[in-house]
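Below is one structure; the comments refer to it alone.
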Amino acid sequence: MSARDLPPVPAARRPLAVLAGLDRRLIFLVIGVGVALPLLFPLNLPVGVSREATAYYEAIEALAPGDVVILAVDYEPDTMAEMDPMTVATLARLFEKDVRVIALADYAGGTGIAARILRETARERGKAYGTDYIFLGYNPDYSATMLRMGESIRATFPTDHYGTPTAQLPLLANVDDYSRVKLIVSISSSAMAEYWILFAHGKFGEKIIAGNTAIQAVLIYPYFQTGQLAGFLGGLKGAAEYEQLTGRRGSGMRGMDAQSVAHALIVAFIVLGNIGFFVERSRRRDAARRTHVG
Amino acid sequence: MKRTGPVAFGFVIGMLMLVQHFTNDAWITARYANALDWKQVVFGITLILGVISLCLHHWKKIARRGEGWRYSILTIGGLVFMVVAAVVFTPERGPYPWMFENVQAPMQATMFALLAFYVASASYRAFRARSVNAALLLAAGVIVMLGRVPLGEMMGLGSISSWILDFPNLAAKRGVMLGVGLGMTATAIKIITGIERTYLGKGV
């Protein structure tokens, strides 16, 4: 008889082993409360700034008033909580510096998000549509769009998101390809930032910075190390770091406390699960040894 | 012709996209621009095909009262409603943006937010140090998870987390990227030369 075949020991006789089989509803409850409480009662934990976020910040600070930047809102509503703080903080800083913004969305679902953030941020900063910023909207096929924009932005987008012919937009009067664009910012929840690097940087030598989800950020480290990506923000923490650098407390910094507690709770559950696992394994081995000796 | 035509077309377009990268010739550049424009048109048509396919699938389900057919009514109803709302009121005003802001966005965000609960539960059940390899993976995961938030930084895990991302993670990722890159190049050459023809579909 193997240790696995042994009958279970009553929970009362193995309290630590219970930790290996906690009810998932308890986990859900603890995580829910753990995330909600810091949002209601902020801990204001200090946010350290990474070198990736510093490089992202410096790329934007190097821009001069009047420079033109492409801002790609490459995400859909599912990742809004993580990505919106980056888009808002970046756009606000670009407007503060009087940089002109050409916005677009590489996902159809991103158009509603981009339109809202552009409208609200432009209103706050007193920016005019057509001269200070434009929104090109969504174009099918991101790869062809990125490559074609390097040849002609007006040909790629004959009209903007609102149906106005791009030839009539003052901002595009002297800007029709990447040669007049100083920087491309991709706020992306997928591999879209990598595509901007491949197509806009690889073929046209454009300078790229990106904001990514925490999961995706891990995948774009190689591009940052090689210099193909000038800087990036990783997840909500990246947004909080950029807010810290620009001196504006937004939803990125507000969310950091909740994320800290959530991560700590997940780690605590992993530790508890392992304690239970080792206790149970040790008991089974002891029982098997006794059975073998007997 | 059914096979030769598409393979020849693939060869011409594939070679055009390859050659244009090494020349500034005006004629080739113009054809390259044409190819990119057509690529977007083809992509747009695939979207239409997708919508037709979705409607047919759900229509058949409703017709034969298949499992969950009521949800299919909701799917088609939502699709028709959003199209009509966008056409009648434009995508910038009226019910279209309202539905996006107040129905689609919160629903998608909610679904994604639920991941936090499932990740917590799955991590608790799956992350067990059953072997040395599993223990190493577990330790790295815990350090990065904590090192990427202020709480972990206060515990001094920020620099260790950065080291893991900068060296072991980077080395593995770069190896994968090189492998994928070589694989993509090989596949592209096979498609251009007509060796790889599975994209043509069955029976070709």
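Each reported figure results from applying straightforward, stated rules to the coordinates on display, with no laboratory input. These numbers come from a predicted model, not from an experiment. As a convention, Cβ positions derive from the backbone with ideal geometry for all residues, glycine included, and neighbour counts pool all protein chains shown.
Quick notes on this one:
- Temperature 10 °C, viscosity 1.306 mPa s: under these conditions the Stokes-Einstein estimate for chain A, based on its Kirkwood radius over C-alpha pairs, is 74 µm² per second.
- The ranking of B:52, A:215, A:102 by Cβ neighbour count inside 10 Å, starting from the fewest, reads B:52, A:215, A:102.
- Under a 5 Å amide H cut-off, with hydrogens placed 1.01 Å from N, residue A:161 pairs with A:135, A:136, A:137 among residues at least 5 apart or on other chains.
- Integer Hz, Karplus 6.51/-1.76/1.60 couplings in order for segment A:109-125, x for Gly and Pro: x, x, 5, x, 5, 4, 4, 5, 5, 4, 4, 5, 5, 5, 5, 4, 9
- Helix A:251-293 vs. chain A, principal-axis angle (Cα, 0 to 90°, nearest 10): 30 degrees
- Helical content alone sets the calculated 222 nm signal of chain B at -25000 deg cm²/dmol, taking -39,500 (n - 2.57) per DSSP H segment of four or more residues and averaging over every residue.
- Gain in span if fully extended, residue B:133 to residue B:59, counting 0.36 nm per residue against the direct Cα distance: 21.6 nm
- Relative contact order (%) - chain B, alpha-carbon pairs under 8 angstrom, separation at least six: 24 percent
- Residue by residue along A:160-169, Cβ atoms of other protein chains within 10 Å of the local Cβ number 1 on average.
- Mean partner shielding of peptide B:122-132, defined as the number of other chain Cβ atoms within 10 Å of each residue Cβ, is 5.
- Among beta bridges that DSSP assigns inside the protein assembly as shown, antiparallel share in %, nearest 5: 5 percent
- In sequence order, segment A:79-93 has phi-based couplings of 9, 3, 4, 8, 8, 3, x, 5, 4, 5, 5, 5, 5, 4, 5 Hz under the Karplus curve 6.51 cos²θ - 1.76 cosθ + 1.60, θ = phi - 60°, and Gly or Pro positions carry x.
- Relative contact order computed over segment B:1-89 (Cα-Cα under 8 Å; 6+ residues apart), in percent: 14 percent
- Dipole magnitude of segment B:1-89 about its Cα centre (Cβ charges: Lys, Arg +1; Asp, Glu -1), debye to nearest 20: 560 debye
- Anisotropy class of segment A:34-82 from Cα gyration tensor, a/c 1.5 cut: oblate
- Packing rank of A:107-117, B:92-102, where each peptide gets the mean count of other beta carbons within 10 Å, highest leading: A:107-117, B:92-102
- Using the average count of surrounding beta-carbon atoms within 10 Å as a protection proxy, the listed peptides A:157-164, A:54-61 rank, highest first, as A:54-61, A:157-164.
- Phi to ³J(HN,Hα) by Karplus 6.51 cos²θ - 1.76 cosθ + 1.60 over segment A:52-62, Hz, x for Gly, Pro: 5, 5, 4, 5, 4, 4, 5, 4, 6, 5, 6
- Degrees separating the helix A:214-226 axis from the principal Cα axis of chain A, which is the longest one: 60 degrees
- C-alpha long axis of helix A:24-40 to longest principal axis of chain A, angle in °: 50 degrees
- Prolate/oblate/rounded label for segment B:90-204 (Cα gyration tensor, a/c 1.5): oblate
- Rounded if a/c under 1.5, otherwise prolate or oblate - the protein assembly as shown, Cα gyration tensor axes: prolate
- About its Cα centre, segment A:37-183 has a charge dipole of approximately 400 debye under the convention of +1 per Lys or Arg Cβ and -1 per Asp or Glu Cβ, with nothing else charged.
- For the peptides A:280-291, B:138-149, A:73-84, the ranking by packing is A:73-84, B:138-149, A:280-291, with the highest mean count of neighbouring Cβ atoms within 10 Å listed first.
- Close Lys pairs in chain A (alpha-carbon distance under 22 Å; sequence gap of 8 or more, or different chains): 6.
- Taking amide H as placed 1.01 Å from N in the peptide plane, residue A:206 has its amide H under 5 Å from the amide H of A:201, each at least 5 places away in sequence or on another chain.
- Cβ neighbours within 10 Å from other chains - mean over A:20-27: 3
- Using C-alpha pairs under 8 Å with a sequence gap of at least 6, the mean separation divided by the residue count of chain A gives a relative contact order of 28 percent.
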